[in-house]
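Data block below; observations after.
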Amino acid sequence: MLSHDGAAVAGNLRQRPVNRQSANLIWIITALYSGCDNKLTYPARFHPGPAAYAVGRKGLSLSVHPECIARSLRLSLLTSKEQTMTATLDTAADVIQFGPQLSLRGVRMQFGRNEEIFGEGEEAEYVYRVVSGAVRIMHFTAEGRRQILGFHLPGEIFGLEGGETHTLSAEAVSDSEVVMVRRSCLDKAASENMGAARALLALTSQQLSSAREHALVLGRKGAGERVAAFLLEIAGRVVSKRELDLPMSRADIADYLGLTIETVSRAFSEFERNAAIALPSSRHVVMRNPNALYQLEAA
């Protein structure tokens with residue numbers, strides 16, 4: 001374990017280092033401090049450059065006093081693909097509320113459209129909450145076919161695993177911001193506080209219930225019923241229940257419902273002809289007659 005002088009760290013932060021190696025080190029310190037045990041563990045996934053990646057491969061842990069970290073720093077580093085990831089600390093939006101007695105501060109990360117957040121089989125080191133944009137949870141079959149198991153919208157938590165590794169992958173549907181909290185902090189809170197443990201159990205039960213409902217939709221309903229159920233589900237999760245700006249494409253919806261893109265498009269067109277919905281654009285849906293969708297979904 002390495003220990004770094006707080007004054008030197010703060011000085012480097014103020015001076016915005018131009019040296020790549022020191023920039024990598026500061027990125028690690030500022031982006032991954034979680035406030036759980038004053039330690040940072042650097043995951044290889046978020047490497048901003050070769051030097052930092054070499055550090056991550058060694059599993060390096062940095063011990064830093066929290067007062068030495070610039071809370072309001074927004075530090076952007078350009079990757080080899082000319083994409084920018086930004087880590088932001090300090091605001092109330094960087095807290096994940098797991099329940100009435102369990103909230104933890106994390107760090108905010110930005111992901112571009114279709115960028116992977118975590119992959120199947122990787123260590124489940126973090127739990128996430130969507131701040132803006134949307135995230136899809138998916139699995140690839142042995143034949144390479146994509147199956148989408150769920151979508152997460154702003155305010156929703158994802159990445160919670162029962163084991164040590166992720167059983168599914170997560171990607172940003174559109175340009176998205178997420179807050180990430182170290183899983184070790186969550187486990188520690190749940191082990192020390194019964195109320196926190198109950199909150200975590202309630203969240204897990206809720207996510208299992210959502211997965212069960214989706215399985216019932218796929219197992220019992222025809223194409224039109226599945227698309228109707230999907231629109232009603234999304235409408236129930238957003239503030240505006242009558243107008244939906246869908247972040248996902250028709251291909252995403254098809255992979256989520258086990259249908260073809262053409263079948264999904266036909267269902268949308270049929271709903272529009274029957275005045276159940278209006279489509280000012282391909283992704284903007286106006287729920288003109290939700291009862292018609294409820295009747296179809298319940299058939």
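Only Lys, Arg, Asp and Glu carry charge here, each on its Cβ (+1 for the first two, -1 for the last two); on that basis the stretch 91-210 has a dipole of about 360 debye about its Cα centre. Using a ≥ b ≥ c from the Cα gyration tensor of the stretch 142-291 (square roots of the eigenvalues), is it rounded, prolate or oblate, where a/c under 1.5 gives rounded and otherwise the larger of a/b and b/c decides, a/b for prolate? In terms of gyration-tensor shape, prolate. Amide H to amide H distances under 5 Å link residue 106 with 95, 96, where only residues 5 or more positions off or on other chains count and H is placed in the peptide plane. Anisotropy class assigned to the stretch 221-298 is rounded, per the alpha carbon gyration tensor with a/c under the 1.5 cut-off. Each of 275, 257, 228 was scored by the projection of its Cα onto the charge dipole of the stretch 221-298, and the greatest displacement toward the positive side belongs to 275; charges sit on the C-beta of Lys, Arg, Asp and Glu. Close amide H contacts of residue 167 (hydrogens built in the peptide plane, cut-off under 5 Å, sequence separation of 5 or more or a different chain): 121. The GluC sites (Glu not before Pro) of the stretch 121-160 that meet both conditions, a loop assignment by DSSP and at most 12 other Cβ atoms within 10 Å of the site Cβ, are 143.
Close amide H partners of residue 126, meaning residues 5 or more places away or on another chain with modelled amide H under 5 Å apart, are 183.
Among 241, 221, rank each residue by its count of other Cβ atoms within 10 Å, from fewest to most, as a rough exposure measure. Could you put the intermediate results ahead of the total?
Working: 241 13, 221 18.
Least to most surrounded, the residues fall as 241, 221.
Taken together, the values in this text are just the output of simple stated rules run on the coordinates, not laboratory data. In this text the structure is predicted, and so the values were computed from the model without any measurement. Neighbour counts run over all protein chains shown; Cβ positions are idealised from the backbone, glycine included.
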